[in-house]
1. Looking at segment 18-69, which of its residues are small (Gly, Ala, Ser), over 21 Å from Asn81 (Cα atoms) and modelled with pLDDT of 75 or more?
2. Taking the criterion of being under 18 Å from Gln130 (Cβ atoms), surrounded by 13 or more Cβ atoms within 10 Å (Cβ to Cβ) and either out of contact with any strand residue (DSSP E or B) (no Cβ under 9 Å at 6 or more places or on another chain) or basic (Lys, Arg) (or both), would at least one residue in segment 181-195 satisfy it?
3. Being in a loop (DSSP other than H, G, I, E, B) and loosely packed, with under 13 Cβ neighbours inside 10 Å is the filter here, so list the residues in segment 59-69 that pass it.
4. Out of the residues in segment 34-58 meeting the condition of being of a type outside the set (Lys, Arg), part of a loop (DSSP other than H, G, I, E, B) and under 17 Å from the mean Cα position of the chain (by Cα), tell me which one is surrounded by the most Cβ atoms within 10 Å (Cβ to Cβ).
5. State which residue is modelled with the lowest pLDDT when the search covers only segment 70-113 and only residues that are surrounded by fewer than 15 Cβ atoms within 10 Å (Cβ to Cβ), more than 17 Å from the chain's Cα centre (by Cα) and part of a helix (DSSP H, G or I).
6. Among the residues of segment 45-64, how many are among the hydrophobic types (A, V, I, L, M, F, W, C) and either farther than 16 Å from Val135 by Cα or touching a Phe, Trp or Tyr at 6+ places or on another chain (Cβ under 6 Å) (or both)?
7. Just to be sure I understand, how many residues within segment 140-171 are aliphatic (A, V, I, L, M), in contact with a Lys or Arg (Cβ under 8 Å, 6 or more places away or on another chain) and within 25 Å of Arg71 (Cα to Cα)?
8. Within segment 223-253, how many residues are assigned to a helix (DSSP H, G or I) and closer than 23 Å to His104 by Cα?
Amino acid sequence: MARRPPSKPAEVPVEPKPKRDWFMPVRVVVWLVRPFIKFSLIILLISTILVSVFKWINPPLTYLMFSEYNRLGVIRKDWRNLEDMSIYIPLAVAAAEDANFCAHNGFDFDAIATALEGGSGRGASTISQQVAKNVFLWPGRSWLRKGLETGVTVLIESLWSKRRIMEVYLNVAEFDEGIFGVDAAIAKHFRHDPKDLRVADAARLAVVLPNPKVRAAGSLSTTMQRRASRIAIGATTLRDEGRADCFLPKASP
């Protein structure tokens, strides 16, 4: 009887090596940042809607107004359209706060560079940035608020005219403790119609803006009076050089 040849051992199938997923790190990053992207898009959508609404509707209340009302128990505010003000009011405020208002798109990079060289952020904030902060945000120096302020400033400059930005600023800025807007400030300190305000008085009003809780347009120190005189000169210079045409009414032919 013939011998059977020895059977060959069964070959164990070799499993193929799994292919390396080179895109896995990218997928992990996308998965991690997706909630933040969705949140940012929602914030952008809400901000765009609010900025668009306030292009036509006057802001009824701001965070600062609300906090001052809680602190003082009363605030004064009245809305005054830009065309119903003396031209010297926006001129003086631009001269005091943002002389390049008509030339920039929300950010005065020359002023920012000058402020950084001096080791301070004072004077670098434009009127557009202050509107973004005053109307839509809250006071503070956190990076979150500054980032939101930057985004809202871009929206404001994109959706509003310069005249609208100036008009809103003049009506929401605090000009004295608990006094918001030029109309209420003029009624307290000068007691005549904002349409008839002289350049010297407009400058006295503008000089208090960096620190309205300490300075008062009706009782300025000697130093602040000299500063107001320089603002008055700057206001007429802006007008004469045509650097305020973006917010001043067009002259009749």
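1. Restricting attention to segment 18-69, the residues satisfying the condition of being small (Gly, Ala, Ser) are 40, 47, 52, 67.
Then drop every residue that is not over 21 Å from Asn81 (Cα atoms), which leaves 40, 47, 67.
Result: Ser47, Ser67.
2. No, segment 181-195 contains no residue that is under 18 Å from Gln130 (Cβ atoms), surrounded by 13 or more Cβ atoms within 10 Å (Cβ to Cβ) and either out of contact with any strand residue (DSSP E or B) (no Cβ under 9 Å at 6 or more places or on another chain) or basic (Lys, Arg) (or both).
3. Of the residues in segment 59-69, the ones in a loop (DSSP other than H, G, I, E, B) are 59-62.
Result: Pro60, single match.
4. Residue satisfying both the conditions and the ranking: Phe54.
5. Ala113
6. Here the count works out to 1.
7. Going through segment 140-171 one residue at a time, the tally reaches 1.
8. 11
The values are calculated or read from the model by the stated rules, or taken from the named source; none is laboratory data. Please read all numbers here as calculations on a predicted model, not as lab measurements. Positions of Cβ are backbone-derived with ideal geometry, glycine not excepted, and every protein chain shown enters the neighbour counts.
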